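Colleague: Have a look at this one.
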Amino acid sequence: MKVAVLSGKGGTGKTLLSVNLAAVSPRALYIDCDIEEPNGRLFFKPAFNKTEFVTVLVPEVKQTLCNGCRQCVDFCKFNALTYIKGKLVIFDSLCHSCNGCYTLCPKKALSPKKKRIGRIQRGVSRNVSVTTGILNVGEASGVPIIKKLIKSASASYALHIIDCPPGSSCIVMESIKEADYCILVAEPTIFGLHNLKMVDELVRLFNKPYGLILNKCMDPWDPIEAFCKERRINILGRIPLDQDISKLNSEGFILVRTKKAYKNFFSALLKTIQKEADNQTIIGA
Amino acid sequence: MVIALPVNDNSVESGICCSFGRAPYFLIFDTKSKASLFLENYAIQEQEGAGIKAAQMIVDNRVDALLTPRCGENAARVFKTANIILYKTITDSVNDNIAAFQKNQLSVLSQTHAGFHGHNGE
């Protein structure tokens, strides 16, 4: 089963949940798709023994062939090309690798060249195989890294936990595409509810079965309860706002590997998720 | 010498725009002939790379110097390649800045920012 964990807002507990669900299962593959700030590795602390680089194609120009027609400059939707003082100037970091410029160039002055935008690292932490994507600072899009992360995920693991980036943009869509089930994580706050609505819309658009986990809970907070009722969102569990959890988490400990109580809590949660996912997948909801 | 300034509207009174790449208009002013014209900035709607596209417009209008409160790093690279010098504006007033420029009172804009990249700032 492939479970994607997402949230509109950052800092709601995606990684806390993902790491602990993976760690509490007998054997799992944890995939960190939060490529701009991957932090699952800070908890698992695996010795990464494999690194793969991710490359994309960006244009390279032969100035002697360029006649300054500017078709490529006008075509580029991302303004990655300019024509200055008789020379084509390329901004690699804005290029989205659409191949348009070299397809269009009448003088064949442009050709594709490979460019590294990030890397994928793999390692092991006890029962969990840890895979993480890392996007180089300043790059336009991490989609190619996520595509590779998802595609290269080994089918030999019964459970895949996909720790998604925050928000609801392209990189999140790419991260949940192959998921069998989605878990939304939200905080019971106005901001939390606002961003929950965004991801709720997203998973519905993708027709994914999903449930919600509320994190940092105190007393039930009416607006989020009402929203869940109205949208018929199943609340799978509630993680309390708790100093001990915060402290252990901030020190990079995996809760289920520290205390029996946490192990039991997340173990039960994983069972609920598995049951729910099975049910919903059968119904095709 | 031809200078350019990012402005809020197509009038001298509208004042200097706080952004370069997403300024609604550019005032192009020839200090010799005193001729001026307002260019509509068609890069303003771009999702990404507005600064680069706007800089291309400035280059294409044979500008020698740009008077701006700030400038992103990508646009700055375009200007550097084109040998266009950036000067830092001192007030919001178009006339003040042109007068200061002609008296050599403006300093060169040496700091550029990393840009806002789709975060609605620039």
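Results for (1) assigned to a loop (DSSP other than H, G, I, E, B); (2) farther than 21 Å from A:Phe75 by Cα, shown as yes or no for each residue.
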{"position": "B:Phe38", "(1), (2)": "no, yes"}
{"position": "B:Ala43", "(1), (2)": "yes, no"}
{"position": "B:Gln47", "(1), (2)": "yes, no"}
{"position": "B:Ile52", "(1), (2)": "no, no"}
{"position": "B:Asn83", "(1), (2)": "yes, yes"}
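Colleague: So, one more: Just checking, does the range A:104-117 include any residue being in a helix (DSSP H, G or I) and either of a type in the set (A, V, I, L, M, F, W, C) or buried (at least 17 other Cβ atoms within 10 Å of the Cβ) (or both)? I'd like the intermediate steps shown before the answer.
Modeller: First pass over the range A:104-117, keeping only residues in a helix (DSSP H, G or I): A:104.
With the extra rule that they be either of a type in the set (A, V, I, L, M, F, W, C) or buried (at least 17 other Cβ atoms within 10 Å of the Cβ) (or both), the set shrinks to A:104.
Yes; the residues of the range A:104-117 include at least one that is in a helix (DSSP H, G or I) and either of a type in the set (A, V, I, L, M, F, W, C) or buried (at least 17 other Cβ atoms within 10 Å of the Cβ) (or both).
Colleague: Return the residues of the range A:75-94 that are within 10 Å of another protein chain (Cβ to nearest Cβ) and either outside any loop (DSSP other than H, G, I, E, B) or over 26 Å from B:Asn61 (Cβ atoms) (or both); say none if nothing qualifies. Step through it out loud before you land on a result.
Modeller: Looking only at the range A:75-94, we keep the residues that are within 10 Å of another protein chain (Cβ to nearest Cβ), and these are A:76-85, A:87, A:89, A:91, A:93-94.
Answer for the range A:75-94, where residues must be within 10 Å of another protein chain (Cβ to nearest Cβ) and either outside any loop (DSSP other than H, G, I, E, B) or over 26 Å from B:Asn61 (Cβ atoms) (or both): A:Leu81, A:Thr82, A:Tyr83, A:Ile84, A:Lys87, A:Val89, A:Ser93, A:Leu94.
Colleague: Being surrounded by fewer than 19 Cβ atoms within 10 Å (Cβ to Cβ) and either in contact with a Gly (Cβ under 6 Å, 6 or more places away or on another chain) or under 30 Å from A:Asp92 (Cβ atoms) (or both) is the filter here; which residues of the range B:81-116 pass it?
Modeller: The answer is B:Thr81, B:Asn83, B:Ile85, B:Lys88, B:Asp92, B:Val108, B:Ser110, B:Gln111, B:His113, B:Ala114, B:Phe116.
Colleague: Would you mind stating whether A:Leu214 is of a type in the set (A, V, I, L, M), modelled with pLDDT of 95 or more and not in a helix (DSSP H, G or I)? First the steps, then the outcome.
Modeller: Values: of a type in the set (A, V, I, L, M): yes; modelled with pLDDT of 95 or more: yes; not in a helix (DSSP H, G or I): yes.
Considered against the rule, which asks whether it is of a type in the set (A, V, I, L, M), modelled with pLDDT of 95 or more and not in a helix (DSSP H, G or I), A:Leu214 comes out as yes.
Colleague: So the check is Cβ under 6 Å with 6+ separation or different chains; which pairs have a first residue in the range A:253-271 that's under 21 Å from A:Ala158 (Cα atoms) and in the same structural domain as A:Tyr181 (by TED's automatic domain parsing) and a second one that's of a type in the set (D, E, K, R) and part of a helix (DSSP H, G or I)?
Modeller: Matching pairs, first to second residue: A:Val256/A:Lys263.
Colleague: May I ask you to say which residue of A:Glu276, A:Glu225 is among the acidic types (Asp, Glu), in contact with a Phe, Trp or Tyr (Cβ under 9 Å, 6 or more places away or on another chain) and either in a helix (DSSP H, G or I) or over 26 Å from A:Lys2 (Cα atoms) (or both)?
Modeller: On the way: A:Glu225 fails: in contact with a Phe, Trp or Tyr (Cβ under 9 Å, 6 or more places away or on another chain).
So the residue among A:Glu276, A:Glu225 that is among the acidic types (Asp, Glu), in contact with a Phe, Trp or Tyr (Cβ under 9 Å, 6 or more places away or on another chain) and either in a helix (DSSP H, G or I) or over 26 Å from A:Lys2 (Cα atoms) (or both) is A:Glu276.
Colleague: Next up: Suppose we filter A:Ala155, A:Ala186, A:Ala179 for residues that are assigned by TED's automatic domain parsing to the domain that holds A:Gln274 and at pLDDT below 95; which single one remains? Steps first, answer last, please.
Modeller: Numbers: A:Ala186 fails: at pLDDT below 95; A:Ala179 fails: at pLDDT below 95.
None of the others qualify; the one that does is A:Ala155.
Colleague: With respect to A:Phe75, is the statement that it is of a type in the set (Phe, Trp, Tyr), modelled with pLDDT of 95 or more and more than 30 Å from B:Ala82 (Cβ to Cβ) true?
Modeller: On the way: of a type in the set (Phe, Trp, Tyr): yes; modelled with pLDDT of 95 or more: yes; more than 30 Å from B:Ala82 (Cβ to Cβ): no.
Judged against the criteria, A:Phe75 is not a match.
Colleague: Taking the condition closer than 24 Å to A:Ala140 by Cα, touching a residue at least 24 places away in the same chain (Cβ under 8 Å) and surrounded by fewer than 20 Cβ atoms within 10 Å (Cβ to Cβ), does A:Lys87 pass? Even if it seems obvious, please write down each step before you answer.
Modeller: Details: closer than 24 Å to A:Ala140 by Cα: yes; touching a residue at least 24 places away in the same chain (Cβ under 8 Å): yes; surrounded by fewer than 20 Cβ atoms within 10 Å (Cβ to Cβ): yes.
Criteria met by A:Lys87.
Colleague: Within the range A:220-255, which residues are of a type outside the set (Lys, Arg), more than 24 Å from the chain's Cα centre (by Cα) and farther than 16 Å from A:Ala186 by Cβ?
Modeller: Those that are of a type outside the set (Lys, Arg), more than 24 Å from the chain's Cα centre (by Cα) and farther than 16 Å from A:Ala186 by Cβ: A:Asp242, A:Gln243, A:Asp244.
Colleague: When the range B:47-80 is examined, which residues are found to be of a type in the set (S, T, N, Q), away from chain A (no Cβ under 11 Å) and surrounded by fewer than 24 Cβ atoms within 10 Å (Cβ to Cβ)?
Modeller: Going residue by residue through the range B:47-80, those that are of a type in the set (S, T, N, Q) are B:47, B:56, B:61, B:68, B:74.
Filter once more, so that each one left must be away from chain A (no Cβ under 11 Å): B:61, B:68.
The answer is B:Asn61, and nothing else.
Colleague: Could you list, in sequence order, all residues of the range A:1-57 that are outside any strand (DSSP E or B) and hydroxyl-bearing (Ser, Thr, Tyr)?
Modeller: Residues satisfying the conditions are A:Ser7, A:Thr12, A:Thr15, A:Ser18, A:Ser25.
Colleague: State the number of residues belonging to the range B:85-111 that are β-branched (Val, Ile, Thr), free of Cβ contacts under 8 Å to residues at least 24 places away in the same chain and either touching an Asp or Glu at 6+ places or on another chain (Cβ under 8 Å) or not in a strand (DSSP E or B) (or both).
Modeller: Narrowing the range B:85-111 to residues β-branched (Val, Ile, Thr): B:85, B:89-91, B:94, B:98, B:108.
Right, trim to free of Cβ contacts under 8 Å to residues at least 24 places away in the same chain and you get B:85, B:90, B:108.
Keeping just the survivors that are either touching an Asp or Glu at 6+ places or on another chain (Cβ under 8 Å) or not in a strand (DSSP E or B) (or both) gives B:85, B:90.
Result for the range B:85-111: 2.
Colleague: Output the residue which, of all residues in the range B:6-40 that are polar (S, T, N, Q) and out of contact with any strand residue (DSSP E or B) (no Cβ under 6 Å at 6 or more places or on another chain), is surrounded by the fewest Cβ atoms within 10 Å (Cβ to Cβ). Walk me through it before giving the result.
Modeller: Taking the range B:6-40 first, the residues polar (S, T, N, Q) are B:8, B:10-11, B:14, B:19, B:31, B:33, B:36.
Then drop every residue that is not out of contact with any strand residue (DSSP E or B) (no Cβ under 6 Å at 6 or more places or on another chain), which leaves B:8, B:11, B:19, B:31, B:33.
Details: B:Asn8: 17, B:Ser11: 12, B:Ser19: 23, B:Thr31: 14, B:Ser33: 8.
Filtering first and then ranking leaves B:Ser33.
Colleague: Turning to a different aspect of this structure: Out of curiosity, is A:Thr51 of a type in the set (Val, Ile, Thr) and more than 14 Å from chain B (Cβ to nearest Cβ)?
Modeller: yes
Colleague: Still on this structure, please answer the following. Looking only at the range A:26-43, which residues are crowded, with 24+ Cβ neighbours inside 10 Å and under 23 Å from A:Asp242 (Cα atoms)? Walk me through it before giving the result.
Modeller: Step one: list which residues in the range A:26-43 are crowded, with 24+ Cβ neighbours inside 10 Å, which gives A:30-35, A:40, A:43.
Result: A:Gly40, A:Phe43.
Colleague: Which one is farthest from A:Phe43 (Cα to Cα), of the residues in the range A:229-243 that are out of contact with any helix residue (DSSP H, G or I) (no Cβ under 9 Å at 6 or more places or on another chain) and part of a helix (DSSP H, G or I)? Before you say what the answer is, go through the steps one by one.
Modeller: So in the range A:229-243, the residues out of contact with any helix residue (DSSP H, G or I) (no Cβ under 9 Å at 6 or more places or on another chain) come out as A:229-230, A:232, A:238, A:240-243.
With the extra rule that they be part of a helix (DSSP H, G or I), the set shrinks to A:229-230, A:243.
Details: A:Lys229: 34, A:Glu230: 36, A:Gln243: 18 Å.
Top of the filtered list is A:Glu230.
Colleague: Sticking with this one: Test A:Gly123 against the criterion of being surrounded by 13 or more Cβ atoms within 10 Å (Cβ to Cβ), at pLDDT below 95 and on the phi < 0 side of the Ramachandran plot, and give yes or no.
Modeller: No.
The values are calculated or read from the model by the stated rules, or taken from the named source; none is laboratory data. None of the values given here were measured: they were computed from a predicted structure. All Cβ positions, glycine included, derive from the backbone under ideal geometry; neighbour counts span all protein chains shown.
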